[in-house]
Amino acid sequence: MRILVCGGSGYIGSHTCVVLAERGHDLVLADNFSNSSPVVLERLQAITGAPVAFRQVDLRDRAATFDLLAGGGFDAVLHFAALKAVGESCERPLDYFENNIGGTLHLLQAMQAAGVKRLVFSSSATVYGDPDRVPVREDAPLRVTNPYGRTKLVMEQLIGDLVATDPGFQAGVLRYFNPVGAHSSGLIGEDPSGPPNNLMPYICQVAVGRRPRLNVFGGDWPTVDGTGVRDYIHVVDLARAHADALDALVRDGRGFTVNLGTGQGVSVLQLVQAFERASGRPVPYDLVPRRAGDVAEVYADPALAQQLLGWRAQLDVDAMCRDAWRWQSMNPEGYGAG
Ligand code: NAD
Ligand code: UDP
């Protein structure tokens, strides 16, 4: 297939491009580099052995987005492009609505105008908020707790409305749990700008000496050891799910919404210990009060993805830590020094 990958130079998009290229798809990446580096394109070329077709486009620019789709001959679009920082979304909600919802609207309109009818969309477990029970199934109530989550929910609904009115339009909505890790080459990985909001990149930066200690947000949660429990999923497993989702859309002709997680809950301290084992480095930490808006325990029921996509996660927490550390130790300053 000829595939447009919006947000293709970002963390999950770049890993997905590797898998798609390995499966013989023809790719065009589009990104505005608002949260990624052009160095990613060189790294992708080094991994795949072929030049990367790239268009610098901001999806907020309607005309440029239409131009991107028009005459591109795309069989499908993968849509990763979004702002994703929960805290920032609370400070600047309108920017999140404009970028995520506005950009998606332009993309859907441009797809419709160009007659491109197959979409795989990056949603998030954040749409479940604080779930009543774990593991979380796809039919759990949706109740978002911050503007970022609201953009994901609205985008899912926009896509659902389009599918309902255009029978030829197929969408695979993928609700990611907590993506971590990196490609085994160590050439691409997660490179947050500023202090990381998420646990794994923070652990990596402590281990590599960029930050002195980890703050563990709360030791009094009703969990196995008092720290928060999440479903960490290796980004390469996640990437593979996108290729499987495309195949499922082609094969079955029907859309779907599925969780992408391992089904295993892992606590903050369990992840810290696994990382110390994998890296051989200490990760000193302090127990500090809970972070506002956090929840105790979220992990997926991944059965539907297995049933509909034939996909399930294969890489365990040790592999996630090993590969995150390889990336971090080979690129202590991320792509900045690349
Ligand atoms: P990322 O920031 O690394 O990648 C997103 C890419 O989109 C970046 O390269 C950014 O420059 C680009 N982008 C943003 N707005 C754009 C615009 N208006 N026009 C063009 N390009 C634009 O993030 P990621 O971790 O790879 O996440 C990919 C997707 O998965 C996002 O939609 C995110 O909300 C979703 N998601 C991520 C996580 C996570 O923990 N990483 C969890 C659940 C869902
Ligand atoms: N966390 C932490 N210290 C950090 C970042 C995160 O203790 O510096 C905890 C957080 O409270 C949660 C878990 O790690 O229990 C995962 O947090 P992350 O932000 O990575 O994912 P999310 O909360 O969005 O699922």
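Some observations on this one:
- Filtering Pro222, Pro195 for residues that are open to solvent by 50 Å² or more (accessible area, probe 1.4 Å), more than 7 Å from ligand 2 (Cβ to nearest atom) and under 26 Å from Phe33 (Cβ atoms) leaves a single hit, Pro195.
One line per residue, one yes/no per condition, for (1) touching a Phe, Trp or Tyr at 6+ places or on another chain (Cβ under 7 Å); (2) of a type outside the set (Val, Ile, Thr); (3) closer than 22 Å to Val86 by Cα:
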| residue | (1), (2), (3) |
| --- | --- |
| Val208 | no, no, no |
| Trp221 | no, yes, yes |
| Ile233 | yes, no, yes |
| Ala241 | yes, yes, no |
| Asp252 | no, yes, no |
| Val266 | yes, no, yes |
| Ser279 | yes, yes, no |
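- Of all residues in the range 282-338, those satisfying the criterion of being basic (Lys, Arg) and in a helix (DSSP H, G or I) are Arg322, Arg326.
- Wholly within the range 203-262, strands (runs of 3 or more DSSP E) carrying at least 3 residues that are within 14 Å of ligand 1 (Cβ to nearest atom) and under 23 Å from the mean Cα position of the chain (by Cα): 232-234, 256-260
- Long-range neighbours under 7 Å by Cβ, at least six apart or interchain, first residue closer than 18 Å to Pro201 by Cα within the range 211-226, second open to solvent by less than 50 Å² (accessible area, probe 1.4 Å) and of a type in the set (Asp, Glu): Phe217/Asp294
- Of all residues making up the range 111-170, the number that are part of a helix (DSSP H, G or I) and within 21 Å of the chain's Cα centre (by Cα): 18
- Options Arg133, Arg143; residue that is among the basic types (Lys, Arg), without any contact (Cβ under 8 Å) to a residue 12 or more places away in the chain, more than 14 Å from Thr257 (Cα to Cα) and away from ligand 2 (no atom under 15 Å from the Cβ): Arg133
- Residue list for the range 266-296, filter: within 11 Å of ligand 2 (Cβ to nearest atom) and touching a Lys or Arg at 6+ places or on another chain (Cβ under 7 Å): Val266, Tyr285, Asp286
- If you go through the range 61-95 and keep only what is surrounded by fewer than 17 Cβ atoms within 10 Å (Cβ to Cβ), touching a residue at least 12 places away in the same chain (Cβ under 8 Å) and of a type in the set (Lys, Arg), you end up with just Arg62.
The values are calculated or read from the model by the stated rules, or taken from the named source; none is laboratory data. Every value quoted in this text rests on a predicted model; they were computed, and no experiment measured them. When we count neighbours, we look across all protein chains shown, and the Cβ atoms used for this are built from the backbone with ideal geometry, even at glycine. Please note that ligands, DNA and RNA were not included when accessible areas were found on the heavy atoms of the full protein model with its side chains. Shrake-Rupley method; radii C 1.70, N 1.55, O 1.52, S 1.80 Å.
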